[in-house]
Amino acid sequence: MSEITPSQTVGPFFAYGLTPNGRCEWDPNGSYSWKNTVESNLVTPDASGTRIHIEGTVRDGDGLPINDCMIEIWQADAQGRYAHGRDNRPLPNTQFKGFGRSATDKAGVYAFDTIKPGSVAGPGGKPQAPHIVVCIFSRGMLRQIYTRLYFDDEPANASDPILTMVPADRRGTLIAHKQPGADNQYRFDIRVQGGDETVFFDI
Amino acid sequence: MSLIYPKQSLEAYPKHLSPGYKSTIKRSPSKPLMIVPHTLSELTGPVYGHDAIQENDNDLTKQHKGEPLGERIIVHGHVLDEDKRPVPNALVELWQANACGRYVHNVDQHPAPLDPNFTGAGRTVTDAKGYYKFITVKPGAYPWGNHPNAWRPNHIHFSVFGHSFLSRLVTQMYFPGDYLFPYDPIFNSVTDEKARARMISTFDLENTVPDWALAFRFDIVLRGREATPLDNDEH
């Protein structure tokens, strides 16, 4: 029997500790005095690739925006390399960490500025389509939930080993949509519960 | 080091839906979570070093002009993996209410005073032995709206990074012998008594500093253990 420490909710009051300079419009001055460790802007001066903006609304089972949610994202760089020892390929973008954090604002909206990730190896060496791992924390969530974000302009989605495991009628919940008339802006809404519930992973 | 993340270990976790904690009712997935293999995307995760922290980030009593009110305490321990091996260079963040049970967060407006000398946020990075240490004040209990006369037991929120994004943990550290334990649906969302006990710090007389601060020890065990040959056969 394993003896891991159980998860508990992040609660409603994490912002001044975890996302102090983020989208905490809760604070009349827009931020708390504590400094950020993790930013919602992942772009570093050395990062190659296409800059993108990702934005979306997180909603609960009644379709109401969740205004005290924290989203974390983990992704490869534009060349499909993770800034981690397990990925032993040399990093071309040494400052690019690939990790970001955004609180939702009063309207339940989170946002990230980052680089579009490249393809990374999947099970059996089969390539995975460009994607971002998304982790959601909130008051009312006793444990984090994981999902994935894919891009609607990637033909590789059709053969992605994870995406193709998802029933076709729910696959759309994992696709970020490029916004017409805007440069490299993607919309990725998250529905925690309900008819159009986002696919979450048991991993 | 190549770690695996057995999902049986997650049985210690609360269920997503735990109706005693009312906010879970509309904020828990209603459809079964999809089982998918762990790929490089899950088996890697953010790595932070000592450049992520600054002096006194781990001493919540030294972040303002004066000292905060309350019982000064040392909170320390080790971050470990499932094999009980240390997790070095792990970013540990915490946040908490002040000694009166009031959070600096703007939404907390309950009638208890703020302390101008206390923010209640800290962070550190574990050393080569997985050891971390904070100096803070003991947080007070506070009321919340879950049910009539609901009060949270004293607790400190922890956020921890381990060897991969699967090791990511947000939890709460409690204090031994809290009389509010039986009434708290968040604490009791962990249904196994032994698992609940792992969220309770132990009073640490040995590391208590005479005439200065009480000490509490809180070891944090994250997901991830070494694969055995048997595990490899299964793949």
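The values are calculated or read from the model by the stated rules, or taken from the named source; none is laboratory data. Keep in mind that this is a model prediction, so the values were computed, not measured. When we count neighbours, we look across all protein chains shown, and the Cβ atoms used for this are built from the backbone with ideal geometry, even at glycine. Side chains are part of the model used for accessible areas, which takes the heavy atoms of the whole protein and leaves out ligands, DNA and RNA. Shrake-Rupley method; radii C 1.70, N 1.55, O 1.52, S 1.80 Å.
Distances over 33 Å make up what percent of all Cα-Cα pairs in the protein assembly as shown? For the protein assembly as shown, the share of Cα pairs beyond 33 Å comes to 31 percent.
Summing +1 for each Lys or Arg and -1 for each Asp or Glu among the other residues whose beta-carbon sits under 15 angstrom from that of B:T44 gives +3. Using the Cβ of B:R85 as centre and a radius below 15 Å, the other residues enclosed give a net charge of -3, where K and R count +1 and D and E count -1. Over all orientations, segment A:84-178 has a Cα convex hull whose mean projected area works out to 8.3 square nanometres. Which translational diffusion coefficient, to the nearest whole µm²/s, is obtained for chain B from the Stokes-Einstein equation, given a Kirkwood hydrodynamic radius over C-alpha pairs, 4 °C and 1.567 mPa s? Diffusion coefficient, whole number: 67 µm²/s. Of A:H84, B:H64, B:H157, the order by accessible heavy-atom surface (1.4 Å probe, DNA, RNA and ligands excluded), from most exposed downward, is B:H64, A:H84, B:H157.
If you take all C-alpha pairs in chain A, what percent of them are over 30 Å apart? When every Cα pair of chain A is considered, 21 percent fall beyond 30 Å.
The B:E193 and B:E55 beta-carbon pair, evaluated with R₀ = 51 Å, returns a calculated FRET efficiency of approximately 0.80. The largest accessible area among B:K7, B:K65, B:K84, B:K194 belongs to the first residue in B:K65, B:K194, B:K84, B:K7, and the rest follow in falling order (1.4 Å probe, all chains). Once you place label points 7 Å from the Cα toward the Cβ at B:K133 and B:D108, how far apart are they in nm? Placing both labels 7 Å along Cα→Cβ, they lie 2.6 nm apart. Pairwise inverse Cα distances across segment A:140-203, averaged and inverted, put the Kirkwood hydrodynamic radius at 13.0 Å. Close amide H contacts of B:F216 (hydrogens built in the peptide plane, cut-off under 5 Å, sequence separation of 5 or more or a different chain): B:I74, B:V75, B:H76, B:D204. For the pair B:I25 and A:S159, label points projected 7 Å from Cα toward Cβ lie 4.9 nm apart.
For segment A:1-158, the antiparallel share of DSSP beta bridges with both residues in that region comes to about 95%. Across A:F112, A:F99, A:F13, mean-square fluctuation computed from a Gaussian network of chain A (C-alpha pairs under 10 Å connected) peaks at A:F13.
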